[in-house]
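Asker: Sharing a structure with you now.
The values are calculated or read from the model by the stated rules, or taken from the named source; none is laboratory data. Here the structure is a predicted model, which means the values were calculated and not measured. Methodologically, a virtual Cβ is constructed for each residue, glycine included, from the backbone with ideal geometry; neighbour enumeration extends over all protein chains shown. Note: accessible area is taken over every heavy atom of the protein model, side chains too, but ligands, DNA and RNA are not part of it. Shrake-Rupley method; radii C 1.70, N 1.55, O 1.52, S 1.80 Å.
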Amino acid sequence: MRNKLLIIALATTTFSAFVNASYAQSHYSYISDRKFRAITDLIGYNFCPNEMEVKDVSKNHVPAGRYSFSITQNNLYVDGEGIKGVYSVNNMTPTKFGYQLHLMNANNPTLQGHLKLFLNDRKEVDALMFKRSQKDKEAIFYQADIPNDLLEREEKFFTDRNELEIKVIDSLWGKTIRPFLSVDDTRVQDRLHIGDNITFEFSEKVTIIDKSKKKNDKPDAAAAPAEKIDSSRLTDNKKVKIIKEYFAKIHLVAKNPDGTLAGDRTLDYKLDDFSMKEDPKSGNSDDRYQLTLKPKGDKPFYIYLNNKKMVSFIMMDGHRYHMRGI
């Protein structure tokens with residue numbers, strides 16, 4: 001039991017340290033970064049506003065990372081002068097304006113307050129209202145609008161929701177997917193940036209071997225070991241063998257607790273096998289179609305499509321990579 005409690009304590013400490021520091025960097029959370037269609041979409045998200053207002057007192061611009069609100073299943077982690085602390089979430093409720101978290105300070109149960117999250121017409125959070133206790137004044141925190149120049153660059157870089165259609169699995173070759181949001185197996189959500197350059201590239205190599213040569217002829221230098229033989233046919237009285245090989249090149253990054261890059265890695269995979277299957281029971285959900293890709297010598301990863309066969313997310317190594325506009 002003692003070991004089990006120690007493991008839980010260590011996991012909680014590690015997670016809380018991550019969510020408290022994950023946006024202590026030069027990035028705000030922008031209004032358009034994420035839609036919150038359900039209250040559970042809040043879990044694992046970190047809000048980093050750019051303005052703070054206390055009614056009849058002040059309204060000020062705040063640097064990125066000065067204040068942050070990180071929501072988990074059971075706790076709200078708040079960073080910022082005068083309000084920093086870990087608050088137990090007694091319950092989370094939908095409201096007319098959006099969502100509300102009813103809170104109690106984990107270290108001081110007499111401090112009971114709330115966090116209100118205000119949604120706009122697009123289900124995006126544009127403001128948060130935090131009250132630490134019944135005796136404190138409510139503080140309003142506003143999320144930033146994404147700057148136009150950054151918006152234009154990200155529109156060109158990231159793959160949007162409902163942008164990339166994969167009608168059949170052969171439509172995948174030659175395509176590049178750049179996700180916008182990563183969610184790990186602890187449900188921590190990480191808004192990606194252009195500099196992260198997380199990329200999934202898929203390609204096909206076709207080799208044609210002339211089989212009509214005589215036995216004494218030297219083999220074709222361009223010939224490669226057969227992996228997938230598509231067909232053999234006569235072309236201009238020559239018998240040729242067509243070999244198709246399939247590849248995935250994936251660039252991933254690891255991050256430090258403060259959100260800075262800890263390192264990156266590029267995976268060059270040759271695919272042994274791939275398939276597509278449909279789950280009609282999923283209806284209009286984002287996982288109606290599943291593409292399974294099996295790299296040679298490694299475990300498979302998956303691309304999910306919605307009912308329109310548009311790429312919605314990728315599952316790999318315990319991470320779910322969502323497209324922009326989630």
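Asker: When segment 68-82 is examined, which residues are found to be under 20 Å from Tyr99 (Cα atoms), open to solvent by 20 Å² or more (accessible area, probe 1.4 Å) and not in a strand (DSSP E or B)?
Answerer: Selection gives Gln73, Asn74.
Asker: From the residues in segment 246-303 that are hydroxyl-bearing (Ser, Thr, Tyr) and modelled with pLDDT of 95 or more, which one is farthest from Arg320 (Cα to Cα)?
Answerer: The qualifying residue farthest from Arg320 (Cα to Cα) is Tyr246.
Asker: Against the conditions (1) open to solvent by less than 20 Å² (accessible area, probe 1.4 Å); (2) over 30 Å from Ser212 (Cα atoms), where does Lys249 fall short? Just the number, please.
Answerer: Among (1) open to solvent by less than 20 Å² (accessible area, probe 1.4 Å); (2) over 30 Å from Ser212 (Cα atoms), the lone unmet condition for Lys249 is (1).
Asker: What number of residues within segment 166-199 are of a type in the set (Ser, Thr, Tyr), under 19 Å from Ile303 (Cα atoms) and outside any helix (DSSP H, G or I)?
Answerer: 3
Asker: Residues of segment 108-148 being among the polar types (S, T, N, Q) and modelled with pLDDT under 95, which ones?
Answerer: Asn108, Thr110, Gln112, Ser133, Gln134
Asker: Only one of these conditions is not met by Asn50: (1) at pLDDT 95 or above; (2) closer than 16 Å to Thr72 by Cα; (3) surrounded by fewer than 22 Cβ atoms within 10 Å (Cβ to Cβ). Which number is it?
Answerer: (2)
Asker: Sticking with this one: Search segment 252-284 for residues being over 30 Å from Tyr28 (Cα atoms) and of a type in the set (Ser, Thr, Tyr), and hand back the single one that is surrounded by the fewest Cβ atoms within 10 Å (Cβ to Cβ).
Answerer: Residue satisfying both the conditions and the ranking: Ser275.
Asker: Separate question: Out of all the residues in segment 137-147, is one or more among the polar types (S, T, N, Q) and open to solvent by 50 Å² or more (accessible area, probe 1.4 Å)?
Answerer: The answer is no, given that none of the residues of segment 137-147 is among the polar types (S, T, N, Q) and open to solvent by 50 Å² or more (accessible area, probe 1.4 Å).
Asker: Could I ask something else about it? Please tell me if Tyr99 is of a type in the set (Phe, Trp, Tyr), within 17 Å of Ala139 (Cβ to Cβ) and in contact (Cβ under 8 Å) with a residue 12 or more places away in the chain.
Answerer: Taking the combined requirement at face value, the residue does not satisfy it.
Asker: Across segment 299-320, what is the number of residues that are out of contact with any Phe, Trp or Tyr (no Cβ under 6 Å at 6 or more places or on another chain) and either small (Gly, Ala, Ser) or assigned to a strand (DSSP E or B) (or both)?
Answerer: Residues in segment 299-320 being out of contact with any Phe, Trp or Tyr (no Cβ under 6 Å at 6 or more places or on another chain) and either small (Gly, Ala, Ser) or assigned to a strand (DSSP E or B) (or both): 7 in total.
Asker: Among the residues in segment 161-184, are any open to solvent by 70 Å² or more (accessible area, probe 1.4 Å), polar (S, T, N, Q) and in contact with a strand residue (DSSP E or B) (Cβ under 6 Å, 6 or more places away or on another chain)?
Answerer: The answer is yes, given that some residue of segment 161-184 is open to solvent by 70 Å² or more (accessible area, probe 1.4 Å), polar (S, T, N, Q) and in contact with a strand residue (DSSP E or B) (Cβ under 6 Å, 6 or more places away or on another chain).
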